[in-house]
Amino acid sequence: MKHKTHFLHLLVLLLVFLPGIARALDAGVAYCIYATPEKPYLEINIEIAAASVTFKPADSTYLQAGVETLILIKQGENVVNFEKYLLNSPLVRGPQNLLDVKRLYLQPGTYSLEITFEDMHDASNTGAFSAPLNVDLDTGAYLSELLLLRSFKPDNSDNPFTKNGYFLEPLPFRFYDRAATMLAFYAEIYHTGKVVKEAAYMVRYLVEKNLENGVTEIVSSGSQRKKPSAIDAIIVPMNISKLKSGNYFLTVEVRNEINELLASRKIEFQRSNPFLDVPEEALTADVVEKQFVNDLNEENLRFSLRAISPLLLGDDSEILKDILQGSDLNAMRFFLFRHFVREDPNNPEQAYLDYMKVAGAADLQFHSGFRYGFETDRGRTYMRYGRPDDLIRVEDDPSAPPYEIWVYYDFPKTRQTNVKFLFYNPTLAGADFILLHSNARGEINNPRWEVDLYKRNAGTQIEGDNYHDATTMQRNVGRLARTYFEDF
């Protein structure tokens, strides 16, 4: 760990002092005017990209960056409010984005906002932002600017990023990367109690893809009913896991009960989702070699590929068998990466890590001396369908080998309920239980399962006179498998 830390510091120092490396401070700014009747104020959220600012060692372990920040509120050439301060990063082991929020009170009027940034370790590394401001406190319905969020959670602390009982992590750059699955926004609505005569009003929000040249396409929408009030705050999450890469608009409208528009706001954002609906030919060797699978050695690759084998059917299952019989590591990496891109195009690496935790648990729990635990019948079922809701294990039935009945009350894979699997260990060797029967569609369905389970007595204690057609056994002391399977 010490060597890694020294290397990191050396890398940072090289970036700082090597000549000829041109840099520009990259600052994202999101501002909102909250027209609270008592004291309207401007809120400014700032994010500085870690790669664009200089981090220097603060001690032998940590790094720190700082940005001189000047905020000016002007009317014409007159400065009516300002704040100048040093925005320091926390002490970190590696470069991280800098985040800050400032609030400045403003009277109604028209202003301009100007912000300048200067890297405290490099005076030539600067950035600037400017925008017009209009503080309007008329009695009509007022909708604040939209604050895009990276995340939010309940919080009643005095953290500067907390508003109305929620910690709001802003997204000033308005860019959702491929790991993001949720778009969220915060806004405040004022004066609806004065202008809405009905018992409720509507907040409508929609996401439109920007097709350029003024053409848009609605890809998502939603709405909320609200009671008229002097002030209301809304936080809305929207699922964007299936949103393709591109430029989008988020529009929020306030409408009365007869659908008249009272107020609206629009904000543009970008979405990167490179692996969503990606054609296989686009997953080139150059793409795959930049992904997490490139860090896996042959042992890890083989273990991982065998771990996903319970999920595969048809051609994919046959292709995987051929790959595992060979030694082409690139083919292994491609197949593994493609599988997890299909599982979660937003974050295939996280999907892989989450799945391998489950595979590791299944391997330990169902381990057999001949194969990995997830390759046994119980392990395969566990990997395909998850942990059962209930489990009956019987080891003291005098007429049957040890057996287990797994129960799934809800079974979305086949849209069934009360699905059951019966595993048994006819050889009494180890813990390698075999699937004997299931009522799940697509799984082994054995009408003679009870006869097979009680095979040692099947010749004399079947129901009926024809052994070959028999499907059930006579009732007997301790012979409860059918009762468990049918009535539990």
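Observations on the model:
- Just one of the listed residues (THR414, THR483, THR460) is modelled with pLDDT under 95, in a loop (DSSP other than H, G, I, E, B) and among the β-branched types (Val, Ile, Thr), namely THR414.
- Per this entry, MET202 is counted among residues that are outside the structural domain of ASP344 (by TED's automatic domain parsing), in contact with a Lys or Arg (Cβ under 6 Å, 6 or more places away or on another chain) and not hydroxyl-bearing (Ser, Thr, Tyr).
- For segment 170-197, filtered to residues that are in contact with a Cys (Cβ under 9 Å, 6 or more places away or on another chain) and not small (Gly, Ala, Ser), the residue that is farthest from ILE235 (Cα to Cα) is GLU188.
- Of everything listed in (1) under 27 Å from GLN107 (Cα atoms); (2) touching a Leu at 6+ places or on another chain (Cβ under 6 Å); (3) not small (Gly, Ala, Ser), the single unmet condition for PHE152 is (1).
- Of everything in segment 303-327 that is among the aliphatic types (A, V, I, L, M) and outside any helix (DSSP H, G or I), the residue that is nearest to LEU364 (Cα to Cα) is LEU312.
- If you go through segment 124-139 and keep only what is β-branched (Val, Ile, Thr) and more than 17 Å from ASP26 (Cα to Cα), you end up with VAL135, THR139.
- Residue match in segment 314-328 (condition: within 25 Å of ILE444 (Cβ to Cβ), within 23 Å of the chain's Cα centre (by Cα) and surrounded by fewer than 21 Cβ atoms within 10 Å (Cβ to Cβ)): no
- Restricting segment 114-144 to residues that are among the β-branched types (Val, Ile, Thr) and in a strand (DSSP E or B), the residue that is farthest from LYS102 (Cα to Cα): THR126
- Only one entry in TYR85, TYR111 is at pLDDT 95 or above and more than 37 Å from the chain's Cα centre (by Cα), namely TYR111.
The values are calculated or read from the model by the stated rules, or taken from the named source; none is laboratory data. Owing to the predicted nature of the structure, the values given are computational and were not obtained by experimental measurement. Note that we place each Cβ from the backbone using ideal geometry, even for glycine, and neighbour counts take in every protein chain shown.
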